[in-house]
Amino acid sequence: MVAGLGSWCGPALYSERHGLRRHSFPLDWMQSPFLPDVNTLLRNKFQGFMEVENIIEKDILANYVDDNGYPIFKSGTSESIRAHYVTDIKYNIDSVHDFPMVPNQDWSVQYPPYKIRLDHRIQTFLNQIAQSQRTLFIRYEWMPTSYEDVINLKSILTDMTNGNFNLLLVETVDEELHGVKDMNFGTPEDKICWVQVSRDNCTNTSVWNDLLSGITLLN
């Protein structure tokens, strides 16, 4: 199984395009920029995540997408539907694609069905990673990544899984890199593949082809 852990839609979107994504998970279409917050969220098994009393709206434009990451367009047009950009201030994680803008309607009107979908995604994630015999987790990092945070993530995932897993950590850097740079982190027993890519190449198809090359689902 392949499971995206943020920090943006890339891991889910490109896993989908490579035929590696079979479920919708809670962080797929969110912005989760800070790994320590994601670690806390996972350690807490999403307790209190996106509760309405912890959500604020930000004045940032976003697009409404379906469960596969594809934009939803206004009927009969090529104009994508805009979405409310809302933030969980407890975990510092943003929902950017889940609340379509409806004229004269507050985002909170759509909260009840959204929370049902989110809770389903959370339960699916927890169940699937516990049952899977082999899982690849993908975390994309926009920020400089600390060794301690990565080791904490590995420890948390160890507690949440019963089968084998590996972590693909994709760290972006400002320098110009051609393709993917392997950081040669640790040993295979560490279960962590730490690579760097140029920040400008986040949507570069060839880079994602390199990252996901050779990965297949067994069943």
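The values are calculated or read from the model by the stated rules, or taken from the named source; none is laboratory data. Values in this document were obtained by computation on a predicted structure and should not be read as measured data. For neighbour counting, all protein chains shown are included, and Cβ atoms are generated from backbone atoms with ideal geometry for every residue, glycine included.
Residues checked against (1) farther than 23 Å from residue 216 by Cβ; (2) over 12 Å from the mean Cα position of the chain (by Cα); (3) charged (D, E, K, R); (4) not in a helix (DSSP H, G or I):
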position: 8; (1), (2), (3), (4): yes, no, no, yes
position: 13; (1), (2), (3), (4): no, no, no, no
position: 20; (1), (2), (3), (4): no, yes, no, yes
position: 24; (1), (2), (3), (4): no, no, no, yes
position: 36; (1), (2), (3), (4): yes, yes, no, no
position: 39; (1), (2), (3), (4): yes, yes, no, no
position: 42; (1), (2), (3), (4): yes, yes, no, no
position: 48; (1), (2), (3), (4): yes, yes, no, yes
position: 53; (1), (2), (3), (4): yes, yes, yes, no
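Within the range 127-147, the presence of at least one residue that is without any contact (Cβ under 8 Å) to a residue 60 or more places away in the chain, farther than 30 Å from residue 218 by Cα and out of contact with any Phe, Trp or Tyr (no Cβ under 6 Å at 6 or more places or on another chain) is confirmed.
Considering the range 184-208, and only residues there that are free of Cβ contacts under 8 Å to residues at least 12 places away in the same chain and under 19 Å from the mean Cα position of the chain (by Cα), the residue that is nearest to residue 148 (Cα to Cα) turns out to be 204. Selection of the range 156-177 for residues being loosely packed, with under 12 Cβ neighbours inside 10 Å and either without any contact (Cβ under 8 Å) to a residue 12 or more places away in the chain or outside any loop (DSSP other than H, G, I, E, B) (or both) yields 158, 159, 164.
Checking each residue in the range 151-184 for being over 26 Å from residue 218 (Cβ atoms) and aliphatic (A, V, I, L, M) picks out 151, 173, 177, 183. Of everything listed in (1) within 19 Å of residue 33 (Cβ to Cβ); (2) buried (at least 17 other Cβ atoms within 10 Å of the Cβ), the single unmet condition for residue 144 is (2). Filter the range 178-192 for residues that are surrounded by 14 or more Cβ atoms within 10 Å (Cβ to Cβ), charged (D, E, K, R) and either within 17 Å of residue 212 (Cβ to Cβ) or in contact with a Leu (Cβ under 8 Å, 6 or more places away or on another chain) (or both) and give the result. Correct list: 181, 191. Among the criteria (1) closer than 29 Å to residue 151 by Cα; (2) buried (at least 19 other Cβ atoms within 10 Å of the Cβ), the one residue 36 does not fulfil is (2). In the range 60-87, which residue that is surrounded by 13 or more Cβ atoms within 10 Å (Cβ to Cβ) and polar (S, T, N, Q) is nearest to residue 33 (Cα to Cα)? For the range 60-87, the residue satisfying everything is 87. I want to confirm something. Restricting to the range 65-101 and keeping residues that are modelled with pLDDT of 95 or more and assigned to a loop (DSSP other than H, G, I, E, B), which single residue is nearest to residue 121 (Cα to Cα)? Among those residues, the one meeting the criterion is 91.
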